[in-house]
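Structure first, commentary second.
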Amino acid sequence: MNTPPLDTHTGAITLDDGEMPAILFDKVEKRFGDHVVLHDLDFTVRRGDRVTLIGPSGSGKTTILRLVMTLEEANDGYILIDGKPLTHYSRDGKRVELKEKHKNEMRKRIGMVFQQFNLFPNMTVIENIIEAPVHVLGLSKKDALARGRALLEKVGLPDKENAHPTQLSGGQQQRVAIARALAMEPEILLLDEVTSALDPEVVGEVLNILRDVARETDVTMLIVTHEMQFARDVSNRVLMFDSGRIVEEGKPEDIFSNPQEQRTRDFLSAVL
Amino acid sequence: MNDDNSFWSWDHAIAAFPDILEKFLTVTLVVTIIGSIIAAILGLVIALGRRTAPRPVAAVITLLMNFVRMTPLVVQLLFAYYVFTTVPPIVLGTIIIGIHYATYMAEVYRAGIDAVPPGQWEATTALSMSPGRTWTAVIIPQALRSTLPALANYVISMFKDTPFLMVITVVEMVRQAQLYGSKNFRFVEAIIIAGLIYLVASLLSSLLARRLEKRLEYTTA
Amino acid sequence: MTENFEALWRALPQLVDGVLITLQLTAGGALLAIVVAIGLGLLARFENVFLRGIARTIIELFRGTSLLVQLFFFFFVLPLPPFEIEMPAVFTGILALGLNYGAYGAEVVRGSINSVPAGQWEATTALSLSRTHRMWRVIFPQAWALMLPSLNNLLIQLLKGTAVVYLITIVDLTAELNKLRVQTDVYFAYGLGLLIYFAIAYLLTLGMNALETRAKHRLGQGGKWRDSITTTPVPDMKGAGQAA
């Protein structure tokens, strides 16, 4: 994972084999007060990758997702999306912040599904889904409705179009949240423990939707989850985190069946 | 109302200041402090009464409380003034404002008491504690933690309502400013001084109230 | 007792006028107050320190000085140079009431916006909604339901505050009550007056409770319409609608 220095104005870089990574972390540091969550973190996600981050809580996995979604900003280092800097770039050796306008443009290519769904309670299901496509992407209401309905069909809730989020079960709400995120046709989809707040019986229905998404689209996915079977089914790479560092990484078959590091072994034996 | 064209005259400001400050200390502060004590005690009595009295009595107390709470202090002051003609206006005013604010504080107490977790009551039953001990040793201390900031805010509110007493001839700060104004035909300085004293006192007490709030938060279990 | 009612009958037209003036002051004051409250409440959240400072200053100025100070200032000082603003006494009353209670309202607005759950803000970021858009479509609609109980309290206080405007020559309900007292007696005049004020306050509370129920319905939070028929506007623990 050699990363050339980011000393150009646009900070555009490529990997050795000429392909631009979907996500690149370059010496990223994130602190909350005195507590250092991520230190000198380098990692890459290629386009079309399905990467699962596993590890104990507090290891920094969710922070990574939140940094990509610009819900937090790194204290140092650079994050590149598709080769372009997300929030900061390097000029003459100094770390310079980009303008809000640039960040907004970058943000549009990334979508996120939250553990707590976070559907808007003052809108119906379909209104939740078309809100951003209409007002951010500029789609006409007609096109947005068509897209929204198709997605509702895909997540198995075609008749809930005019329902209120509060009338839906947790599993249904999360499926709507997935549809809402996909309606923006993001290049990168971030999934932050999307089934952790659901009753065990409905976890399956949500994960099946995500399996379909993984199979039928080529969106890059960055997943934080405790559902190991799901991680095995969907990911092509698994990263084990602890205390803000990558402990081990590899293909799911390798990590889950034959972990090399002790830390990984301890963690997996505790959760599996 | 000005006898010359300048907006502000330092001479008049200095001349008006002492009397206004005197009214602040002797009237405004005194009314606020005594009125708050009346309100705090009476408010607690009302809150406890609503909770412990038999249903019909509690309902009447609630109705009376709401009636006083939702009607103007001014009209209540006027009413008392013309009925109790022998009582000095400042005493009357203090009592009426105390009663008026007692109805606010009663609501705050109620919310604070309701906020004490039901488990606390159950524990006192399990330990066979008497009602007296239950209230004084367990419930009220916990209720006070959340009510004190709100009570403090109402005290500050009462402080700013003291000018209403001028309708029953009590000479407090604003009335004093008005008197200076009508005597000297210069009102600007007097009213601004009165306003500044209120502003400074308010800001200081808000800071204190906020510090009190922070202090109480730290001591929660 | 009958003479009292006869006197009341004679005074009825003026009494009605007084009530109308009181209602005008309440409505006008409330309208100005809500505009001021939302304007200052939003301004106080801007990142620009200067704008935030202006909002803060205005809020603290009107919350820190008493309603009567403001009323007298507007009535006696505004007509003088350098302002030289002359306006009918009723407008002066509305101005003072609106600014005073609007400043308290600004704190309520600001607090309610901050109370909207963090997840909602984060979801708007995840969807790349612009700042203005998210406030208009997601945050404020949810904050509205949160702020209504406190705004209700302020509205009742505004109504009570109108009773003092007779000191600046406005002939409102209280002024008429003072006249009625002379023709009848203290108990009758002020007793009746308190009942009228109570009735108005009760109706206002019903209205606000209905607004709150409707706002909650729009957020999918139930609540029976029957529950809105109470006298009590919901008490706010921190006295948010009140002082400091």
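Tabulated data
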item	result
Which numbered condition C:Leu32 fails, given (1) of a type outside the set (Val, Ile, Thr); (2) in a helix (DSSP H, G or I); (3) within 23 Å of C:Asp172 (Cα to Cα); (4) within 14 Å of chain B (Cβ to nearest Cβ)	(4)
Number of positions in segment A:164-190 that are in contact with a Gly (Cβ under 8 Å, 6 or more places away or on another chain), more than 11 Å from chain C (Cβ to nearest Cβ) and over 14 Å from A:Met221 (Cβ atoms)	2
Subset of segment A:263-272 (residues that are out of contact with any strand residue (DSSP E or B) (no Cβ under 9 Å at 6 or more places or on another chain) and under 14 Å from A:Leu239 (Cα atoms))	A:Arg265
Restricting segment A:140-156 to residues that are surrounded by fewer than 19 Cβ atoms within 10 Å (Cβ to Cβ) and part of a loop (DSSP other than H, G, I, E, B), the residue that is nearest to the other protein chains (Cβ to nearest Cβ)	A:Ser140
Those residues of segment B:181-196 which are more than 9 Å from chain C (Cβ to nearest Cβ) and either touching a residue at least 40 places away in the same chain (Cβ under 8 Å) or among the small types (Gly, Ala, Ser) (or both), in sequence order	B:Ser182, B:Asn184, B:Phe185, B:Arg186, B:Glu189, B:Ala190, B:Ile193
Matching residues, segment B:145-161, being within 7 Å of chain C (Cβ to nearest Cβ) and over 18 Å from B:Thr28 (Cα atoms)	B:Ser146, B:Pro149, B:Ala150
Of residues in segment C:116-154 being farther than 14 Å from A:Thr70 by Cβ and part of a loop (DSSP other than H, G, I, E, B), the one farthest from the other protein chains (Cβ to nearest Cβ)	C:Val116
Subset of segment A:88-122 [among the β-branched types (Val, Ile, Thr) and surrounded by 21 or more Cβ atoms within 10 Å (Cβ to Cβ)]	A:Ile110, A:Val113
Segment A:81-94 residues that are within 16 Å of A:Leu71 (Cα to Cα) and free of Cβ contacts under 8 Å to residues at least 60 places away in the same chain, paired with ones that are of a type in the set (D, E, K, R) and outside any loop (DSSP other than H, G, I, E, B) (beta carbon under 6 Å, 6 or more apart)	A:Thr87/A:Lys103; A:His88/A:Arg95; A:His88/A:Glu97
Whichever residue in segment A:64-87 is assigned to a strand (DSSP E or B) and away from chain C (no Cβ under 14 Å) and, among such residues, is surrounded by the fewest Cβ atoms within 10 Å (Cβ to Cβ)	A:Asp76
Which numbered condition C:Leu148 misses (of (1) touching a strand residue (DSSP E or B) at 6+ places or on another chain (Cβ under 7 Å); (2) farther than 30 Å from A:Ala183 by Cβ)	(1)
Test: A:Glu248 is more than 19 Å from A:Gln115 (Cβ to Cβ) and surrounded by 20 or more Cβ atoms within 10 Å (Cβ to Cβ)	yes
Failed criterion for C:Pro81 (all others in (1) surrounded by fewer than 18 Cβ atoms within 10 Å (Cβ to Cβ); (2) in contact with a Leu (Cβ under 8 Å, 6 or more places away or on another chain) hold)	(2)
All positions within segment C:81-94 that are within 14 Å of another protein chain (Cβ to nearest Cβ) and over 16 Å from the mean Cα position of the chain (by Cα)	C:Pro81, C:Pro82, C:Phe83, C:Glu84, C:Ile85, C:Glu86
Residue match in segment B:130-138 (condition: more than 14 Å from every other protein chain (Cβ to nearest Cβ) and among the charged types (D, E, K, R))	yes
Helices (runs of 4 or more DSSP H) lying entirely in segment B:1-102 (those with 3 or more residues that are under 30 Å from C:Arg181 (Cα atoms) and touching a residue at least 24 places away in the same chain (Cβ under 8 Å))	B:29-52, B:55-70, B:73-83
Leading residue by the ranking (nearest to C:Leu99 (Cα to Cα)) among those in segment C:162-180 that are more than 8 Å from chain B (Cβ to nearest Cβ) and part of a helix (DSSP H, G or I)	C:Val165
Cβ pairs under 6 Å, 6+ apart, first in segment C:1-25 and in contact (Cβ under 8 Å) with a residue 60 or more places away in the chain, second buried (at least 16 other Cβ atoms within 10 Å of the Cβ) and not in a helix (DSSP H, G or I)	C:Asn4/C:Thr184; C:Ala7/C:Thr184; C:Gly18/C:Asp172; C:Ile21/C:Asp172; C:Thr22/C:Asp172
Test result for A:Gly111, within 14 Å of another protein chain (Cβ to nearest Cβ) and either more than 23 Å from the chain's Cα centre (by Cα) or in a strand (DSSP E or B) (or both)	yes
Single match in B:Thr124, B:Thr62 (criterion: within 14 Å of chain C (Cβ to nearest Cβ), touching a Lys or Arg at 6+ places or on another chain (Cβ under 9 Å), surrounded by 17 or more Cβ atoms within 10 Å (Cβ to Cβ) and β-branched (Val, Ile, Thr))	B:Thr62
Residue count, segment C:44-80 (criterion: more than 13 Å from C:Tyr104 (Cα to Cα), over 17 Å from the mean Cα position of the chain (by Cα) and either free of Cβ contacts under 8 Å to residues at least 24 places away in the same chain or facing chain B (nearest Cβ under 10 Å) (or both))	19
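Quick note: the coordinates plus some simple rules give every number you see, no bench work behind them. What you see is a predicted model, and the numbers here were worked out from it, not measured in a lab. Cβ atoms come from the backbone with ideal geometry, glycine included; neighbour counts cover every protein chain shown.
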